[in-house]
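The values are calculated or read from the model by the stated rules, or taken from the named source; none is laboratory data. Note that the structure is a prediction, hence the values are computed from the model and not measured. Methodologically, a virtual Cβ is constructed for each residue, glycine included, from the backbone with ideal geometry; neighbour enumeration extends over all protein chains shown. We work out accessible area using only protein heavy atoms, side chains counted, and drop any ligands, DNA or RNA first. Shrake-Rupley method; radii C 1.70, N 1.55, O 1.52, S 1.80 Å.
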Amino acid sequence: MTTIMIVDDHQLFREGVKRILAFEDTFEIVAEGDDGSEVFTLYEENNPDVVLMDINMPRMNGIEATEQLMTKYPDAKVIVLSIHDDESYVSQALKTGALGYMLKEMDADAIVQAIKVVAAGGSYLHPKVTHNLVTEYRRLSEREYKGSFHQHEIRRPLHLLTKRECEVLQLLTDGQSNRAIGETLFISEKTVKNHVSSILQKMSVNDRTQAVVTAIKNGWVEVK
């Protein structure tokens, strides 16, 4: 059983998330709050496996609350929930120690998958956020090399991955969700998940973001 705490100042949003999670037999909501100032007390009283943390709250925002929580409980597993896909927000959240960053426009399957991945010790970023981080990585690379950064040749890692896995890896880099990848390649979402799991294992990385960054560094994918 994965125990979950939800902290969000919008009650209707909390209720919506709770309805989604109620369909999962292995999930249990053990606490909820409406401000970051409550996080510390709620966490100590309930010791949840995963904390869903809104980023914008009136008295203490999710960034500050996560930072304070992680200072005393570095093993806490936090997924930040936000309407912002800007790279600066994502970077702030990840610097505090959050393991996930989800946009509130997410669908039900995405939030369930994010919780399962983070509960298991991995990290999960909304596909749109991943795409923005890739764009930022490219911008920083161009600055580092004073404008000389240019990907002259794409070397698909066929020594490591199958042709289909290379296609999936490219679409991950493009920021596509599992569902969108399935539609692009005309395969089921379950098959996409199997390909992603295989890619992570073969590349010896923990999550999709690490796979994308590694692929970019090695010139295995095209950065658009």
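Remark: relative contact order (the chain) = 14 percent; criterion is Cα-Cα distance under 8 angstrom and separation of 6 or more residues. Residues whose amide H comes within less than 5 Å of that of I6, counting only those at least five positions distant or on another chain, are A31, E32, G33, L52 (H built at 1.01 Å from N in the peptide plane).
Of F40, F186, the order by accessible heavy-atom surface (1.4 Å probe, DNA, RNA and ligands excluded), from most exposed downward, is F186, F40. Comparing Cα centroids, segment 1-53 and segment 177-194 end up 30 angstrom apart. Largest to smallest in accessible area, the residues R156, R14, R19, R164 fall in the order R19, R156, R164, R14 (1.4 Å probe, all protein chains included). Among the protein heavy atoms of the chain, carbon and sulfur supply 49% of the accessible surface, probe 1.4 Å, non-protein parts ignored. Ordered by 1.4 Å accessible area with all protein chains kept, M203, M102 run largest first as M203, M102. Taking Cα centre as origin and charging only the Cβ of basic (Lys, Arg, +1) and acidic (Asp, Glu, -1) residues, the dipole magnitude of segment 163-224 rounds to 120 debye. Within the listed set N56, N178, N194, the Gaussian network model of the chain (springs between alpha-carbon atoms below 10 Å) gives the highest mean-square fluctuation for N194. Other residues with beta-carbon under 14 Å from the beta-carbon of P74 carry, at +1 per Lys or Arg and -1 per Asp or Glu, a net charge of +1. For the chain, what does the helix formula give at 222 nm: sum of -39500 (n - 2.57) over DSSP H segments with n ≥ 4, over the residue count, nearest 500 deg cm²/dmol? That comes out to -15500 deg cm²/dmol. All other residues whose Cβ lies under 9 angstrom from that of I6 are scored, Lys and Arg at +1 and Asp and Glu at -1, for a net of -1.
Report the net charge of residues surrounding Q210, where surrounding means a beta-carbon distance below 14 angstrom and charges are Lys +1, Arg +1, Asp -1, Glu -1. Charge balance near Q210 sits at +2.
When the chain is treated as a GNM with alpha-carbon contacts under 10 Å, the residue of D75, D54, D35 showing the greatest mean-square fluctuation is D75. Heavy-atom accessible surface of E67, to the nearest 10 Å², is about 110 Å², with a 1.4 Å probe and all protein chains retained.
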